[in-house]
Each structure stands twice: as C-alpha cells, then as structure tokens.
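This report concerns only the one structure given below.
The values are calculated or read from the model by the stated rules, or taken from the named source; none is laboratory data. What you see is a predicted model, and the numbers here were worked out from it, not measured in a lab. Cβ placement follows ideal geometry from the backbone for every residue including glycine, while neighbour counts extend to all protein chains displayed.
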C-alpha cells in the first residue's frame with residue numbers, strides 16, 4: 001500500500017513538472033542553478049548500496065536529502081551543499097544549527113509521511129538526491145522512479161548503527177569530502193568499538209529496560225526493530241512483540257503488558273509522561289518508578305535515541321552506556337557530547353545549552 005501511495009505521489013509530481021515546463025518562462029541568463037545545470041558537465045558512474053549504477057556529476061555542490069534520517073547524516077558532512085530539507089528543524093535546533101540552514105525550503109520526504117514535493121525539489125536544481133538508512137523492499141523501484149521523473153541522479157547509502165563509519169566514508173567519496181567523512185567515521189568507530197567492549201564486560205547482566213513513548217506512555221520500541229538498535233545493544237529490551245514496527249512511533253501496548261514486563265529501568269521519550277509518571281496510580285508499582293531508575297531521553301536538535309535512527313544515536317552510546325554501567329565507563333560524558341556537537345553540528349555548546357539538553361537525562 002505504501003509503495004502504491006509513493007508511486008501515485010511521484011506520478012502527480014511528474015505531471016506537475018511537465019505542466020511547469022510548458023508554462024514557465026525560459027531563463028535568459030546562465031547564472032541560475034537551472035541554467036548552469038543544463039550546461040555540459042563531467043560525470044562519473046557510481047554503484048550505490050542498492051546495486052544501482054548511477055551517473056552523477058564529477059563535482060557535487062548541491063544536494064537534497066530524501067528524508068529526515070538522510071538529512072541528519074548529510075548535514076554532518078556537507079551542510080553547505082543543502083538546497084533544501086526533508087523536514088523542518090525541531091525548535092530545539094535554535095542556537096545549535098546555523099540560522100542559514102534553518103531557513104532552507106522544506107521539500108518533504110520520500111518515505112514516512114511520503115509528502116515529497118517533487119516539483120519544488122526539481123526546481124531547486126540539486127545535482128544529487130541522497131537516500132540513507134535501512135534497505136527497503138521497494139528501494140530500487142522507488143529511487144529509479146524518482147530519478148526518472150525529476151531528472152536528478154538519486155543514490156542510496158546504507159546506514160546502521162554498526163555501519164555508520166562506512167556510511168560516512170562512502171559519503172565522503174561521493175561528495176568529495178573524504179577528509180571530513182573520515183573524521184566523522186573515526187569518531188563513530190571509536191565510540192562504537194568502546195561500547196562493544198563495555199558490553200562484552202557486562203555480558204549477561206544487561207539491565208532489563210523499556211523505551212516508552214506517546215502522550216499516554218503506551219508505545220514501546222520493540223526488540224528487533226530498526227529504531228531499537230541502541231536499546232537492544234545496551235539493554236535486555238523487554239518489549240518483545242509479534243510484529244515490531246519500523247515506524248518511529250513504536251508499537252502500542254497495554255498498561256497490563258508493561259506491568260508484566262516490569263522493567264528495572266525506563267527511558268521516556270521527549271513529550272511522553274516523564275514529568276508526572278510518579279504521580280500516576282497505574283505506574284506506581286513498576287519497579288523502575290519505585291526505585292527512581294528512569295530518565296528522559298535528551299533532544300536537541302534531535303532525539304539522541306533516534307526518531308529518526310541516524311548518527312545522533314552515537315550520543316546515546318556515550319551517555320546511556322555511562323548511566324547503565326558506570327563501573328565500566330572511564331570517559332567524560334560531557335566532554336564527548338561537546339565533541340560530538342562540534343564535529344557533527346559545528347556548534348560549541350555552552351554550559352547552559354548542555355544542561356538544557358540533558359535535563360532529566362541523568363540518574364540522581
């Protein structure tokens with residue numbers, strides 16, 4: 001059903017593009033993006049992570065992300081190349097993301113809400129559309145369709161928690177940003193390898209945990225879902241369900257089921273019930289609430305645990321690991337969080353910003 005909806009969306013966009021092409025006045029100059037793109041340029045052929053051969057310009061300077069996940073990852077390596085966004089920045093981006101990037105036009109996303117405005121995207125004349133994330137059954141067809149209807153090369157780069165270093169190296173080669181890509185890759189590799197080493201020491205003694213979402217606190221990140229990669233790595237994720245969803249909203253469950261799971265530790269998503277959970281009768285007997293072993297996931301400008309599950313999850317490998325297993329962690333959480341923000345957002349966090357972002361994130 002989603003594939004049909006996406007195909008219909010792209011078809012409508014293509015029709016709009018054809019109409020615009022028939023009615024729009026011709027540009028007389030050669031300085032506009034549309035005019036410059038029509039000139040002969042050198043190209044190269046790349047093979048993306050779907051196995052598709054795609055001809056792209058030899059030099060890339062104008063890109064568009066296919067969705068929010070791609071937006072986060074691409075912003076870390078090449079913010080200056082953005083000509084538009086897949087989604088608006090969260091309000092918490094103020095003071096972290098440079099104002100020039102907050103004002104970029106929003107074109108929508110290929111998947112998820114599937115609200116991509118194909119016409120507006122094409123008129124912005126990017127040289128490349130980049131899709132990043134987990135592989136999708138319809139990925140080849142979707143990207144081929146989008147590329148054919150916009151005339152813009154479209155490539156897919158795989159990204160998981162473990163493979164993110166390679167993702168940045170691939171993007172570095174793709175965008176001519178090898179040095180920056182390697183710097184980002186090395187940061188991710190260092191944090192991931194250290195986390196794996198810590199979890200080997202933890203062994204079978206993982207904390208029994210749940211990730212709770214939603215205004216009523218009745219949605220969970222299910223074990224085995226793409227969004228639960230960090231949770232599954234660091235904890236014994238108790239949320240075992242029949243059909244884990246790939247949506248960021250998680251799986252809806254009942255309070256009775258949460259009580260049966262009875263976690264020792266709970267992560268509450270931003271906007272969930274963290275603030276008053278200890279006043280709710282239905283939660284008072286949950287072990288994590290009784291022992292006050294619950295926190296709220298930091299957000300700014302993105303949720304550290306994912307939603308979407310992009311490179312900001314490495315912040316959780318830094319922060320959450322130290323909360324759960326402090327006896328194995330000999331690093332300075334604040335220092336490494338500051339390093340991440342400088343490297344991935346080009347932002348030097350102030351003490352006030354750090355405290356605001358991590359408010360409620362630490363066990364007392």
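Residue check: is residue 219 buried (at least 20 other Cβ atoms within 10 Å of the Cβ), modelled with pLDDT of 95 or more and in the same structural domain as residue 264 (by TED's automatic domain parsing)? Answer is yes for this residue.
To keep it simple, each residue is scored yes or no on (1) in contact with a helix residue (DSSP H, G or I) (Cβ under 7 Å, 6 or more places away or on another chain); (2) crowded, with 18+ Cβ neighbours inside 10 Å.
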{"position": "107", "(1), (2)": "yes, yes"}
{"position": "111", "(1), (2)": "no, yes"}
{"position": "118", "(1), (2)": "yes, yes"}
{"position": "131", "(1), (2)": "yes, yes"}
{"position": "135", "(1), (2)": "no, no"}
{"position": "162", "(1), (2)": "yes, no"}
{"position": "168", "(1), (2)": "yes, yes"}
{"position": "182", "(1), (2)": "yes, no"}
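If we scan the stretch 290-300, do we find a residue that is part of a helix (DSSP H, G or I) and without any contact (Cβ under 8 Å) to a residue 24 or more places away in the chain? Yes - at least one qualifying residue is present in the stretch 290-300. Of the helices (runs of 4 or more DSSP H) lying entirely inside the stretch 99-207, those carrying at least 3 residues that are assigned by TED's automatic domain parsing to the domain that holds residue 52 and free of Cβ contacts under 8 Å to residues at least 24 places away in the same chain are 99-102, 164-175, 178-202. Can we say residue 214 is within 20 Å of the chain's Cα centre (by Cα) and on the phi > 0 side of the Ramachandran plot? So residue 214 fits the description; yes.
Can you find, within the stretch 145-155, the residue that is farthest from residue 117 (Cα to Cα) among those that are surrounded by 14 or more Cβ atoms within 10 Å (Cβ to Cβ) and out of contact with any strand residue (DSSP E or B) (no Cβ under 8 Å at 6 or more places or on another chain)? I'd like the intermediate steps shown before the answer.
First, pick out the residues of the stretch 145-155 that are surrounded by 14 or more Cβ atoms within 10 Å (Cβ to Cβ): 145-147, 149-150, 152-155.
So of that shortlist, the ones also out of contact with any strand residue (DSSP E or B) (no Cβ under 8 Å at 6 or more places or on another chain) come out as 145, 149.
Details: 145: 14, 149: 12 Å.
Only one residue fits best here, namely 145.
The residues of the stretch 229-247 that are crowded, with 20+ Cβ neighbours inside 10 Å, within 25 Å of residue 132 (Cβ to Cβ) and in contact (Cβ under 8 Å) with a residue 60 or more places away in the chain, listed by number, are 229, 230, 231, 233, 234.
Scanning the stretch 287-300 for any residue that is under 28 Å from residue 340 (Cβ atoms), out of contact with any strand residue (DSSP E or B) (no Cβ under 7 Å at 6 or more places or on another chain) and at pLDDT below 95 turns up nothing.
Residue-level check: of (1) within 15 Å of the chain's Cα centre (by Cα); (2) touching a residue at least 60 places away in the same chain (Cβ under 8 Å); (3) over 30 Å from residue 351 (Cβ atoms), residue 93 misses just (3).
Table: residues versus (1) at pLDDT below 95; (2) in contact with a helix residue (DSSP H, G or I) (Cβ under 9 Å, 6 or more places away or on another chain); (3) surrounded by 18 or more Cβ atoms within 10 Å (Cβ to Cβ).
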residue: 97; (1), (2), (3): no, yes, yes
residue: 104; (1), (2), (3): no, no, no
residue: 115; (1), (2), (3): yes, yes, no
residue: 157; (1), (2), (3): no, yes, yes
